[in-house]
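Here the structure is laid out as structure tokens; the discussion comes afterwards.
Derivation of every value follows stated rules applied to the coordinates shown; laboratory data play no part. No experiment lies behind these values; they were computed from the predicted model shown. Positions of Cβ are generated from backbone atoms using ideal geometry, with glycine treated the same way; all protein chains shown enter the neighbour counts.
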Amino acid sequence: MRQNFLIIAVVAAISWPGVALAATGLSFSDTVQLSTNGGADKTKLVRMNNGRMVAVYGDFLEPGSNTVYDIKARTQRPARDIFARYCDADCDQIASWSAPVNLSGTAIQSSIDTDWNGDGTRTPFAGDSEKPNLFSSGARIVVSWVDKFCDSAVQRTVTYPTLRNREIPFGCTYAVHSADNGNSWSEPVRLSSGQRDAKQDVHRGLGSGQWAITWQEDPRGLQLGEAEGPGDGASGAKVSQGTDIWYSYSIAAWASQDLDIWATPVRITDNYSGQMASDNFTLIRDALGNDVSDSVEDGAAGASRANLALQFGSLDSVPQAIVAYEETKASAGLDAGKFIRYHTFDWNAPAAEPGCVISSPTLNARRVRFIPQKEPGSSGLRLGLLWREGEFTEGGPADIVLRKGVVAGDSNGFSPAEMVPAVDAANCETSDYATVAALNNQPALNISSRTEDAKATTDADIATSTLSDDTSQKVEENAIAHRGLLRGNDFYIGYVYTPVLTELLYTNTKNYNFYVRHYDATAGTWSAPENLSNITDTGINVREPRLVGTPGTNTSKCPTDPEECQDTTRYYVAWGTQTNVSDWGREEPSDLDLYAARAEDSGAYYTPVVRFAGEATDVEDFESQIRMTPAGNQLFVVWNENDGTGTNALYREAVTISIPDDGTADGGTDTADSKGDGPILGCSYNPGAPFDPTLFLLTALAIGGLTVRKVRAHA
């Protein structure tokens with residue numbers, strides 16, 4: 001049984017005898033439930049330039065009908081649609097939010113009959129919308145997702161023998177868009193056909209109207225995986241040969257809800273060899289139920305989990321699409337694992353080609369993320385590329401590694417030739433395994449190696465620091481969930497780390513914590529990894545960390561409204577917690593609480609860590625998304641909460657306030673943590689310990705019995 005814990009907000013104007021009011025903290029408002037039908041999934045949030053909050057989430061259309069089989073969760077459940085709603089002010093009141101708008105509308109439709117029960121009878125499979133992906137720029141918003149409703153004569157299905165021969169339809173990629181801050185929305189546009197199984201859609205756009213979207217298509221259907229990694233499986237990480245990354249872009253400067261703004265999708269990888277599989281042991285059927293297993297596309301490699309950015313090379317240039325993804329090695333059995341490949345091209349001129357291999361050819365690389373910025377810092381730093389790299393496959397330990405994109409001459413910092421440490425740019429764009437294996441790529445910087453022992457260092461001393469460690473230096477450690485933030489010459493890298501993965505997995509004597517490192521590109525200095533979560537209870541892991549910087553200045557409101565003027569020295573961190581259970585046991589991990597803090601002075605000070613979800617007993621809170629104002633004094637969060645009767649999409653907001661200095665903080669880097677070793681407004685939180693009501697009573701008395709819910713603050 002988890003205890004209740006109430007965080008008390010302290011008013012900046014209150015006078016505490018003998019106590020200075022130097023530090024700042026977060027004060028959260030009431031929680032608002034956005035969803036209605038108990039099936040909330042992957043809630044997302046954006047803040048528009050006019051201050052409007054737009055939330056998008058999946059939810060059951062009708063809690064007791066339209067049943068589908070969820071291949072990821074391995075269960076039957078009601079079909080989901082994608083919903084959106086917005087709020088312009090006083091968003092901590094549900095009455096301030098618009099009514100939900102159904103963006104997908106497929107849960108009451110069916111495009112194909114399948115034997116999804118595995119009982120030998122083909123019946124309609126309801127449309128089912130997977131997680132929404134949301135991005136905004138200016139007044140424009142795009143939402144994309146993958147759906148089981150394809151309305152296409154070429155849609156196919158895959159049968160899973162290990163799941164009672166259930167036959168599941170391939171998914172299609174969809175997008176809707178709004179040009180007026182979410183007041184109105186286009187009809188859904190289907191971007192793929194269902195002839196291959198779509199997954200992992202991601203899109204990015206510019207305020208001037210250029211937009212791009214990528215996704216992967218597997219000709220043999222979604223692969224279940226082998227449950228060796230930390231995820232739930234069936235995520236698109238494991239793919240069959242011939243899986244390509246597809247790409248589409250919008251017409252420039254779209255200004256209305258016109259139905260079709262998207263160019264004809266094309267492959268931007270070259271994995272489909274033009275041949276059909278002749279040895280396919282997976283049962284693939286067409287829409288009529290015919291066996292077409294020997295008519296699926298084939299190839300030597302498969303690409304997956306692409307990441308995408310859209311940036312101007314310079315202010316007067318054509319926008320550049322930046323794409324990176326993981327791809328199987330196509331070594332004909334000589335080597336296992338994956339490469340990281342990288343593309344950059346004019347946003348409206350895609351072509352199928354081999355991307356540059358930027359990872360170590362001899363290691364296994366996956367989960368690439370990259371962080372660009374609109375303009376390079378004075379140091380030339382324009383781009384950071386992060387991924388996991390190590391000697392093992394199938395969920396084995398790995399480190400987080402980094403290459404930087406640094407502007408060289410009159411270039412833009414995005415080309416392979418501008419990467420630091422360098423890659424073999426002259427030879428890296430090839431699909432030939434022997435050529436890739438011989439590439440002369442310099443080792444990427446090892447960000448996570450020996451995290452608990454790593455020291456602050458400089459660029460000049462990299463060779464003698466942990467940044468130069470080989471991934472086998474401490475082979476038992478593991479780093480996951482890497483995040484990054486780039487602001488001018490300041491680069492922040494976050495990741496979740498454990499010193500011994502096997503002890504975490506099997507004996508629970510180690511756990512995951514969230515660490516952040518800071519790189520000052522002007523000075524060429526690296527901070528030591530800082531443990532922000534600091535959970536010493538090895539029965540609890542950190543998961544799903546967030547590291548988000550303040551958005552750019554809103555030029556239409558700044559400086560009249562100081563809150564709309566960007567403060568680049570502030571950013572927010574957040575993370576969730578989960579029970580750490582042994583892989584040898586039958587117990588599944590349970591999600592616990594969610595936490596947040598604000599970094600100030602480029603990370604020199606962190607506000608006390610505040611738990612913003614998890615106060616109620618017997619609930620699971622997870623998948624937070626955080627946004628903030630340009631000045632960073634207001635924070636907005638959404639997340640999902642499961643209370644046993646269903647899962648709901650929740651919203652909450654916070655402001656920064658002054659808090660008393662109780663003598664433990666020195667204005668430097670003292671932080672509270674999610675175990676409770678540090679102060680949270682004079683109280684402490686310790687999972688597993690009974691709640692002490694006197695803490696609440698003493699704090700309440702100290703502020704005269706007043707609990708302040710909300711304080712407006714400006715920079």
- Item | FRET efficiency estimate (nearest 0.05) - Cβ-Cβ, A255 to A422, R0 56 angstrom | 0.85
- Task: Quick one: compute the contact order of the chain, relative version, from alpha carbon pairs under 8 angstrom and 6+ residues apart, as a percent.
- Result: 13
- Task: Compute the distribution of all C-alpha to C-alpha distances in region 171-284, in bins of 10 Å from 0, and list the percent of pairs in each, rounded to whole numbers.
- Result: 13, 38, 28, 17, 4, 0
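What does the helix-only formula give at 222 nm for the chain: each DSSP H stretch with n ≥ 4 adding -39500 (n - 2.57), the total divided by the residues, and the result rounded to the nearest 500 deg cm²/dmol?
Values: 2 runs with 15 residues, N = 715.
Computed ellipticity for the chain at 222 nm equals -500 deg cm²/dmol.
Rounded to the nearest angstrom and ordered from largest down, what semi-axes does the equivalent ellipsoid of region 303-531 get from its C-alpha gyration tensor (root of 5λ)? Don't jump to the answer; show the numbers that get you there.
On the way: eigenvalues 149, 104, 44 Å².
Whole-Å semi-axes of the equivalent ellipsoid: 27, 23, 15.
Using Cβ contacts closer than 10 Å as the measure, can you line up K199, K238, K557, K455 from fewest to most?
Numbers: K199 24, K238 20, K557 16, K455 12.
Arranged by neighbour count, lowest to highest, K199, K238, K557, K455 become K455, K557, K238, K199.
Based only on other Cβ atoms within 10 Å, what is the fewest-to-most ordering of Y433, Y506?
Details: Y433 18, Y506 13.
Ordered from fewest to most neighbouring Cβ atoms within 10 Å, Y433, Y506 come out as Y506, Y433.
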- Message: If packing is taken as the average count of other Cβ atoms within 10 Å, what order do 489-495, 269-275, 420-426 fall into, highest mean first?
- Response: 489-495, 269-275, 420-426
- Computed about the Cα centre, the charge dipole of region 303-531 from +1 Lys/Arg and -1 Asp/Glu charges at the Cβ has a magnitude in debye, to the nearest 20, of 500
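Applying a 10 Å radius around every beta-carbon, put 516-524, 362-370 in order of their mean neighbour count, most first.
On the way: 516-524: 18.3, 362-370: 20.9.
Those peptides, ordered most packed to least, come out 362-370, 516-524.
Counting other beta carbons within 10 Å of each Cβ, put C150, C558 in order, fewest first. Please list the in-between numbers first.
Values: C150 26, C558 16.
Ranking C150, C558 by Cβ neighbours within 10 Å, fewest first, gives C558, C150.
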- Among N478, T36, T498, which residue has its Cα positioned farthest towards the positive end of the charge dipole of the chain, with +1 placed on the Cβ of Lys and Arg, -1 on the Cβ of Asp and Glu, and the dipole taken about the Cα centre? T36
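Which pairs, out of K42/K199; K404/K557; K72/K474; K404/K455; K131/K238, put more than 22 Å between their alpha-carbon atoms? Don't jump to the answer; show the numbers that get you there.
Numbers: K42/K199 15 Å; K404/K557 34 Å; K72/K474 33 Å; K404/K455 20 Å; K131/K238 18 Å.
The pairs that break the limit, which is 22 Å between Cα atoms, are K404/K557; K72/K474.
Rounded, prolate or oblate: which one fits region 350-465, using the alpha carbon gyration tensor with axes a ≥ b ≥ c (rounded when a/c is under 1.5, else prolate when a/b beats b/c, else oblate)? Could you put the intermediate results ahead of the total?
Working: a/c = 1.72, a/b = 1.03, b/c = 1.67.
Taking the square roots of the gyration eigenvalues as a ≥ b ≥ c, region 350-465 is oblate.
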- For the chain, what is the charge dipole size about the Cα centre, in debye to the nearest 20, if Lys and Arg each add +1 at the Cβ and Asp and Glu each add -1 at the Cβ? 800
- Message: Please give the Cα centre distance for region 309-347 versus region 579-635, rounded to the nearest Å.
- Response: 32
- Item | Along each principal axis, Cα extent of the chain, largest first, Å | 81, 61, 56
- Query: Gap in Å between the Cα centre of region 429-489 and the Cα centre of region 194-227?
  - Reply: 28
